[in-house]
Amino acid sequence: MINFFNSYSKLPERFFERVSPAKFKNPKLISFNYKLAAELKIDVEGVSEKELALIFSGQKILSGSEPISTAYAAHQFGHFVPQLGDGRAHLLGEVNGFDVQLKGSGQTPFSRNGDGRSGLGPVIREYLVSEAMYHLAVPTTRALSAVTTGENVFRQNVEPGAVFTRIAPSHIRVGTFQYFACHNDFEGLKELLAYSINRHYPNLEAIESLPLRVISFIQSVGDAQAKLISKWMALGFIHGVMNTDNYSVGGFTIDYGPCAFMDEYKEHKVFSSIDRHGRYSYKNQIHIGQWNLLRLADCLLPLIDENKDVAISKVEKIIPTIIEKFDNEYLKSMGSKFGILNIIDSDKTLVNDFLSYIEEEELDFTLAFRNLIDLFNGKTCFYPNISKLESFIQKWRNRVTDVSSLNTINPLLIPRNHQIERAIVQANNGDYKIFNDLKKALQAPYSENSQYSKYVIPPKLDERITETFCGT
Ligand code: AMP
Ligand code: MG
């Protein structure tokens, strides 16, 4: 059914622990992404739901699969933790270049005090949001399946337990590099670098000089992350826990925890209950993206030059350009939302004028952009106190003559928090109707479809979700 390839488990043993998923009483399939399975050439023809539930909860290990939990470290909220690792995840192996990983599948040597389990809520959230991201053209891990375990887990409340299967271009994080760097394991670092380049940036393999390869690798990760974060910003997405273990070197969104899409716009919006100081607020994501990249560069200094000062001076030469890249990609992404394809520095005021206005008027981020075509055509009913927008409109008209393609850039549908919450509450009672409906609706985020118009509407005041939880 799956021809597993296990390149990660062929790396030295200190990169991971070989460990089997937990036994669960009564696994039941609640969702399987047949389309994604077909794309990956996973053949599930004739495989019953019962069998899928057994496989994708780790009860039945397919031949060729070598389950492992990977080792990594991280800066969590700025504090360095030398040993984290997959405390509740099992990598089953790879299929056609993608990792197949179970999440919530039981304890591992990295679990510390955790139970290795996941509640159904976080599984529903990651399923819906990661698939929505994919359909919004944002690089991301994807959802292959969700299975309930038949056991309860104890979090804020008692919840049904569940296992999520995600598909990822890899699970290599900046934190993976930090793990080897903090142990002064330079051989490990070199192996991880070669592995990462092979998987994500194979064009760099031709660079013979190690220092130059390392520098190019840092630049490539920076480019990919700058593009990724600019896409999040353009959609009002807040990751919520951009710790270095949740920052992929492949430049895609990974580890959906307390993430959320904003409804009403706030520059420094935070949802996560644990983000007390707004480190991972909406606007700070660019800055944190840059900071995390510098932590990757720290790790790689010993591979650039034995002399730390020399290595630092070499990295310092490329840092300003990388930092700028994050700012430029952000501006480019925001510009495209207004129909500006050749954005220049002076357009910043236009972007900021509009954002300040929607923040002041507490407008819905997604709909404020979706209605721009109307605004351009003089239909201003979505926009209160329109006089405040006059100077913006003037600047905008000077820069843009054609807004006809904006509805392919500014989506109508995002996975709104209050709808995800409804799906979770219902699923906790054994009913997956909203979950299934949202899954379908979010496959076409740019189209108008009267069947899904209820998902377009922002939450009423009393429906607003103000806080999200990791669920760990
Ligand atoms: P996260 O916030 O999901 O990125 O997780 C941070 C760290 O905590 C990772 O090392 C996870 O594997 C670990 N972790 C999260 N939840 C659990 C859990 N329920 N049991 C064991 N480890 C966990
Ligand atoms: Mg994580």
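The values are calculated or read from the model by the stated rules, or taken from the named source; none is laboratory data. As the structure is a prediction and not an experimental result, all values here were calculated from the model. Note that we place each Cβ from the backbone using ideal geometry, even for glycine, and neighbour counts take in every protein chain shown. Surface accessibility is based on the protein's heavy atoms, side chains included, excluding ligands, DNA and RNA. Shrake-Rupley method; radii C 1.70, N 1.55, O 1.52, S 1.80 Å.
Tell me the net charge near Q451. Cut-off is 13 Å between Cβ atoms, Q451 excluded, with +1 for each Lys or Arg and -1 for each Asp or Glu.
Cβ neighbours under 13 Å give a net charge of 0.
Which value, in Å², gives the accessible area per residue of the chain when a 1.4 Å probe is used on the protein heavy atoms?
42 Å²
Which links in K190/K308; K283/K454; K10/K190; K348/K379 stretch past 19 Å when you go from one Cα to the other?
Details: K190/K308 17 Å; K283/K454 28 Å; K10/K190 15 Å; K348/K379 25 Å.
Long pairs (Cα-Cα over 19 Å): K283/K454; K348/K379.
Among the listed pairs K231/K433; K266/K337; K266/K433, give every one whose C-alpha distance is greater than 22 Å.
Check vs 22 Å cut-off fails for K231/K433; K266/K433.
Sticking with the crude label model, points 7 Å out along Cα→Cβ, report the distance from S404 to D298 in nm, one decimal please.
Modelled inter-label distance: 5.2 nm.
Within the range 158-182, what residues put their amide N at less than 14 Å from the label point 7 Å along the Cα-to-Cβ vector of E205?
none
E390 versus V47, label points 7 Å from Cα toward the beta carbon: distance in nm?
Each label point is offset 7 Å from its Cα along the Cβ direction, giving 6.4 nm.
Return the loop-located GluC sites (Glu not before Pro) in the range 1-85 (DSSP other than H, G, I, E, B) with at most 16 other Cβ atoms within 10 Å of their own Cβ; answer none if there are none. Working shown, then result.
Working: sites: E13, E17, E39, E45, E49, E51; in loops: E45.
Taking the range 1-85 and a limit of 16 other Cβ atoms within 10 Å, the loop GluC sites (Glu not before Pro) found are E45.
Which order do the peptides 70-80, 181-191 come out in when sorted by mean C-beta neighbours inside 10 angstrom, highest first?
Going from most to least packed, we get 70-80, 181-191.
Run through all the Cα pairs of the range 356-459 and give the fraction in each 5 Å bin from 0, expressed as whole percent.
2, 11, 19, 20, 16, 12, 9, 6, 3, 2, 0
Taking the simple approach of a point 7 Å from Cα along Cα-to-Cβ for both N449 and S346, what is their distance in nm?
So the label points at N449 and S346 sit 4.4 nm apart.
If you roll a 1.4 Å probe over the chain with all protein chains in place, what percent of the accessible area is carbon or sulfur? Present the calculation step by step, with values, prior to reporting the outcome.
Working: 9880 of 19630 Å².
That fraction is 50 percent.
Given R₀ = 25 Å, what would the calculated FRET efficiency be for D223 paired with K314, taking r from the Cβ atoms and rounding to 0.05?
The computed FRET efficiency comes out at 0.85.
Mean Kyte-Doolittle of at least -0.5 and a Cα length of 15 Å or more along the axis: which whole DSSP H helices of the chain meet both?
Qualifying helices, which must be both long enough and hydrophobic enough, are 120-135, 186-200, 210-235, 284-304, 308-338, 348-360.
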